[in-house]
Every structure is written in C-alpha cells, then in structure tokens.
C-alpha cells in the first residue's frame, strides 16, 4: 500500500513512510511523521493493521485525536521502553522517544 503526504501529495511506499517517523510520544501513543519531501509534520498513531492520522492535544495530559484511518495489513506496533517498535513484512523501525521538554506535537 502506498501512503501520501497530505501537504505535497508525494506518495511513499509503506517502508518509506514508516522511515519518516521521527519521535514517539508515549503519553499520547502517537508519533511525529515528517515528510522527507516537503518537511510537513503530521501526528500519526500506528496500531495493528492500520495507521491513523490526527493530532496531539493537551487537556491535562497529552491525547491523540484520530481523524483518518489508513489500512496497512501486517503492521504492528509494540512499546519498547519509551520508544515504539514498528514491524511490517520482516522490517522494523524503532521510533525514539520525544525529546524531554518538547511540547506534544513538536518534532523530535
């Protein structure tokens, strides 16, 4: 399945899309995704067989608001300490934790 950037409409293969995940916000169970082409940042959540696009907001604590689901059969996400381990078709990506002091939704 191909996934696209909502800003520039560049199409990514699933592995290339997942490689653009930059940081994981454990409190919101969401990751910052940054387009390798235009640099736009989007908050995503990886769940079994699906990628969810949305945004992180604070209401006492960080929350993720899911706005759009993208089916991605076979994708799996497992918390690895403060990081997120994502697997798909024998490949894996470790999304590092959000840097301390960064507000929800801020890359890296």
Strands (runs of 3 or more DSSP E) contained in the range 8-75 and holding at least 3 residues more than 9 Å from the chain's Cα centre (by Cα) and without any contact (Cβ under 8 Å) to a residue 40 or more places away in the chain
11-13, 50-59, 61-71
Going through (1) within 20 Å of residue 71 (Cα to Cα); (2) at pLDDT below 95 one by one, residue 27 fails only at (1)
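Every residue in the range 80-96 that is part of a strand (DSSP E or B), touching a strand residue (DSSP E or B) at 6+ places or on another chain (Cβ under 9 Å) and modelled with pLDDT of 95 or more, please. Explain how you work it out, then say what you get.
From the range 80-96, those part of a strand (DSSP E or B) are 80, 83-88, 91-95; that's our starting set.
Cutting the leftovers down to touching a strand residue (DSSP E or B) at 6+ places or on another chain (Cβ under 9 Å) gives us 80, 83-88, 92-95.
Hits for the range 80-96 are 83, 84, 85, 86, 87, 88, 92, 93, 94, 95.
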Quick one: residue 62 ticks every box in (1) at pLDDT below 95; (2) surrounded by fewer than 18 Cβ atoms within 10 Å (Cβ to Cβ) except a single one, so which number is it?
(2)
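With the structure loaded, tell me whether residue 77 is modelled with pLDDT under 95 and farther than 16 Å from residue 98 by Cα or whether it fails that test. Spell out how you get there, then give the answer.
Values: modelled with pLDDT under 95: no; farther than 16 Å from residue 98 by Cα: yes.
In short, no.
Taking the range 76-88, which residues are free of Cβ contacts under 8 Å to residues at least 40 places away in the same chain and either within 19 Å of residue 53 (Cα to Cα) or touching a helix residue (DSSP H, G or I) at 6+ places or on another chain (Cβ under 8 Å) (or both)?
Residues of the range 76-88 free of Cβ contacts under 8 Å to residues at least 40 places away in the same chain: 76-78, 80-81, 85, 87.
76, 77, 78, 85, 87 - these are the residues of the range 76-88 that are free of Cβ contacts under 8 Å to residues at least 40 places away in the same chain and either within 19 Å of residue 53 (Cα to Cα) or touching a helix residue (DSSP H, G or I) at 6+ places or on another chain (Cβ under 8 Å) (or both).
The values are calculated or read from the model by the stated rules, or taken from the named source; none is laboratory data. As the structure is a computational prediction, the values presented were derived from the model and not from experiment. Glycine gets a Cβ as well: all are built from the backbone with ideal geometry, and neighbour counts include every protein chain shown.
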